[in-house]
Each structure stands twice: as structure tokens, then as C-alpha cells.
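The values are calculated or read from the model by the stated rules, or taken from the named source; none is laboratory data. Computed from a prediction, not measured in an experiment: that's the story for all the values here. Don't worry about glycine lacking a Cβ; one is built from the backbone with ideal geometry, like all the others, and counts go over all protein chains shown.
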Amino acid sequence: AQELRQAQQSHEALTYKLARYQRLHAVAEQLVRLVELETIAQLAVEQAFALIGKSEACLLLLADKPRQALALRASKRGEGLSPIQMKLGDQFDHYVVRTQRPLLVNDVRRDFRFTASAATDRPISSVIACPITIGETVEGVLRLDSVRPQAYTQDDLRFLDILLDLLNTALANARLFAQTQQLAITDGLTDLYRRQPFLEQLAREVARASRSRESLAVMMLDIDHFKRYNDTYGHSAGDLILKAVASLMRKTIPPDGICARYGGEEFAIVLPKASKAVGTEIADRLRQSVEAHVRPMGSGQRDAVTVSVGVATFPEDAQSDLELIRRSDQRLYHAKRSGRNQVCST
């Protein structure tokens, strides 16, 4: 009878392990089709929660570089438990990032590696976690925790580690896809939008402004005498001028503004919710900033770079995206014919 029980237990253990491998295989097939980080993160926490079981929560945290912290990107909680909306990394997560190794804790209050306050966020007794590694860098943590002590086993940790291998590959592919997409829509020299993606953004902004009955300003900006700078100082100096002007645009334009390299030495800007007065004021501030700070390489303080700017507004000057471009372009060339280094908005 004892041998029969042992055989039955062995059979159940093998069946359970096989089911886990089958789940991992299904997860792998799903992950290879995904390229968006948020979708991958949510799938990972749901599958880890189901794969390991025995948990009240599964959390995926990724490095938030501006805040220099680990921030929650996806979570899954047991039935009947309120969701975790916000959370920064705690002692357990930082330990995994620091050591770059998986973590298994079966009684957080008796583990010498952590202080008694480690579980004050919510009741926790057991923790299992693995580092998320993209390339050679630890970028975050996938973790499960339980209110019960002795909840997890080394076998659980091995299966979670296998899932992390799949997740790491998927996240690396997602990052590569995002970088490729960014290259497709941004200019390689200035890191501003290319012309076509900018026009698509402009069309969306005009439609939004029309629905909400708000104003919108469009600027067309051209670097004065740019060919002369290229001929005098060389194309490398010309590239530096383009990059410097683009940098000043980003610093001067409000956060919701959209900037593009429209072609050659010409730039375009959309200012959502901006009136003609606001658009003109920002355009002139940018013009003054370029004149004060941009010089061709090797010219010292001589030969200041200047720009001419044309401004048109919706709905005052035009009611369509293409008409806004046409009107602001007309005003740009009026500014150039009138002596350059000025803003024209009428």
C-alpha cells in the first residue's frame, strides 16, 4: 500500500511538472508574437501567477531612470484582493537587482538579509523573484509573494527562471522593435520627427482642435544663409548648426509641442492650444535664442546663426492641416524677403 501511494505521488508530481512545461511552451509561443512592452509585461505576470500558484500577488517592476527607482509596470492579484496600482521597488526587489540573482525567501521575518520592516507594505511571509535582464543589464524584477511561510520551493524558482529567460528575450525584441519604429519616424541627425510622421501628427492635432474648438499654431522655420555656412565652414559645421537649432527648439517649445525637421534646413512646429499671440511670442523667443547661442564651428563669436519663422493659426488663418502648412510657409518666405531673422504671423 505504501509503495502504491509513493507511485501515485510520483505520478502526480510528474503530471504537475509536465503541465508546467506545457504552460511554458504555450507562453513561449505567445511571447514571440508580441512587440509591445505593456502587453508582454501583463502576459508575464498572469502566466507567472498561474505557473507558480500559491501567491497573493505577482509584480513586474522595471527601472524608471528619471526617478532612479524600480516602478511597477504590471501586476496580478489573487481573486477577491484589490489590485496594486502603484508600487516602487522594496528591499526584496533591490536585493535581486544588486545581486543579479534569483531570490527565494520562505520567512521574511527570520531572514537575516532583510530588516523587520521589509513586509510593512502589506502582509508578506514568502517571496520568490528573478532579475529581468536585457542584454547584459539588469532592468527589473519579476516577483511573487505570499502571506504563508514556506510557500515556495526550489522547483518553483527553477520554473520561474525558465519563464524569465523567455521574458528577457521578448523584452529585448520589444526594445529593438521600438528603436526601429523610432528610427522610422525620427530624423537621424536632429532626433526630431521626419516630415511624413509630422504631417500625420498635425492632421490628428487639427482634428482634435476642431472637435474641442481650440486654437492651434503652426510654425515653419528656416535657417538663414545656411548654404553659405556649409560652403564656408563645411558640411560637418552645417550638421552641428542643425543639431544646435533642434536642441533649442526642444528647450523652447512647450512639452505638448511637436517638432520636425521638415527638409534640409527647414523645420516645422505644432503648438496645440496656442493662439496667434502665444505662437508668435514662442517663435520670437526661439529666434532670439538661436541668434544668441548658435555659431558655426570655428567662427568664435562672429557670424551669428539666425532663423526666419512663419506662423499660422487654426482656425483664424486656415481650417485644414495642409492649408496651415501653406500659410505658415508663405509667411516664412515673407520674413526672409523682409530681411531675415524675424517672425511673420500676418
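Only one of Ala41, Ala57, Ala71, Ala28 is within 22 Å of the chain's Cα centre (by Cα), in contact (Cβ under 8 Å) with a residue 24 or more places away in the chain and assigned by TED's automatic domain parsing to the domain that holds Ala129; which?
On the way: Ala57 fails: within 22 Å of the chain's Cα centre (by Cα); Ala71 fails: in contact (Cβ under 8 Å) with a residue 24 or more places away in the chain; Ala28 fails: within 22 Å of the chain's Cα centre (by Cα).
Sole residue among the options that is within 22 Å of the chain's Cα centre (by Cα), in contact (Cβ under 8 Å) with a residue 24 or more places away in the chain and assigned by TED's automatic domain parsing to the domain that holds Ala129: Ala41.
Starting from the stretch 261-281, keep only residues that are at positive phi, then list their pairs with residues that are surrounded by fewer than 16 Cβ atoms within 10 Å (Cβ to Cβ) whose Cβ atoms are within a distance under 7 Å, requiring at least 6 positions of separation or different chains.
Listed pairs, sorted by first residue: Gly263/Arg195; Lys273/Glu214.
Return the total of residues in the stretch 127-163 being assigned to a strand (DSSP E or B) and either closer than 21 Å to His25 by Cα or touching a residue at least 40 places away in the same chain (Cβ under 8 Å) (or both).
16
Only one of these conditions is not met by Ile84: (1) modelled with pLDDT of 90 or more; (2) within 24 Å of Arg23 (Cβ to Cβ); (3) of a type in the set (A, V, I, L, M, F, W, C). Which number is it?
Failing condition for Ile84: (1).
Residues checked against (1) farther than 22 Å from Asp239 by Cα; (2) charged (D, E, K, R):
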residue: Ile269; (1), (2): no, no
residue: Ser275; (1), (2): yes, no
residue: Asp284; (1), (2): yes, yes
residue: Glu291; (1), (2): no, yes
residue: Tyr333; (1), (2): yes, no
residue: Lys336; (1), (2): no, yes
residue: Cys344; (1), (2): yes, no
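Assigned to a strand (DSSP E or B) and either over 18 Å from Asp161 (Cβ atoms) or at pLDDT below 85 (or both): which single residue out of Ala7, Ala74 fits that description?
Ala74
If I filter the stretch 242-283 down to residues being among the basic types (Lys, Arg) and in contact with a strand residue (DSSP E or B) (Cβ under 9 Å, 6 or more places away or on another chain), which single residue comes out as surrounded by the fewest Cβ atoms within 10 Å (Cβ to Cβ)?
Arg250
Out of the stretch 216-232, which residues are surrounded by 18 or more Cβ atoms within 10 Å (Cβ to Cβ) and either within 22 Å of the chain's Cα centre (by Cα) or not charged (D, E, K, R) (or both)?
Matches in the stretch 216-232: Leu216, Ala217, Val218, Met219, Met220, Leu221, Ile223, Phe226, Tyr229.
Starting from the stretch 168-197, keep only residues that are at positive phi, then list their pairs with residues that are of a type in the set (A, V, I, L, M, F, W, C) and outside any loop (DSSP other than H, G, I, E, B) whose Cβ atoms are within a distance under 8 Å, requiring at least 6 positions of separation or different chains.
Asp191/Ala246
Got a number for residues in the stretch 157-189 being closer than 19 Å to Val45 by Cα and either among the aliphatic types (A, V, I, L, M) or in contact with a strand residue (DSSP E or B) (Cβ under 6 Å, 6 or more places away or on another chain) (or both)?
Here is the first cut: in the stretch 157-189, the ones closer than 19 Å to Val45 by Cα are 157-175.
Still in the list and also either among the aliphatic types (A, V, I, L, M) or in contact with a strand residue (DSSP E or B) (Cβ under 6 Å, 6 or more places away or on another chain) (or both): 157, 160-164, 166-168, 170-172, 174.
Here the count works out to 13.
Cβ contacts < 8 Å: first residue closer than 20 Å to Ile185 by Cα, restricted to the stretch 201-213; second residue crowded, with 16+ Cβ neighbours inside 10 Å and aromatic (Phe, Trp, Tyr), any location; separation 6+ or different chain. Result?
Final answer for the pair search is Gln201/Tyr193; Val206/Phe314.
Scan the stretch 175-194 and tell me whether some residue there is in the same structural domain as Leu37 (by TED's automatic domain parsing) and farther than 30 Å from Ala244 by Cα.
The answer is no, given that none of the residues of the stretch 175-194 is in the same structural domain as Leu37 (by TED's automatic domain parsing) and farther than 30 Å from Ala244 by Cα.
Let's see how each residue does on (1) farther than 20 Å from Ser146 by Cβ; (2) at pLDDT below 90; (3) of a type outside the set (A, V, I, L, M, F, W, C); (4) out of contact with any helix residue (DSSP H, G or I) (no Cβ under 6 Å at 6 or more places or on another chain):
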site	(1), (2), (3), (4)
Ala44	no, no, no, no
Ala50	no, no, no, yes
Ala57	no, no, no, yes
Pro66	yes, yes, yes, yes
Leu88	yes, yes, no, yes
Asp93	no, no, yes, yes
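Residue by residue through the stretch 214-224, note down the ones that are in a loop (DSSP other than H, G, I, E, B) and either modelled with pLDDT under 95 or within 17 Å of Arg261 (Cβ to Cβ) (or both).
Taking the stretch 214-224 first, the residues in a loop (DSSP other than H, G, I, E, B) are 214-215, 224.
Correct list: Asp224 only.
Could you list all residues from the stretch 258-285 that are farther than 12 Å from Ala246 by Cβ and basic (Lys, Arg)?
Answer for the stretch 258-285, where residues must be farther than 12 Å from Ala246 by Cβ and basic (Lys, Arg): Lys273, Lys276, Arg285.
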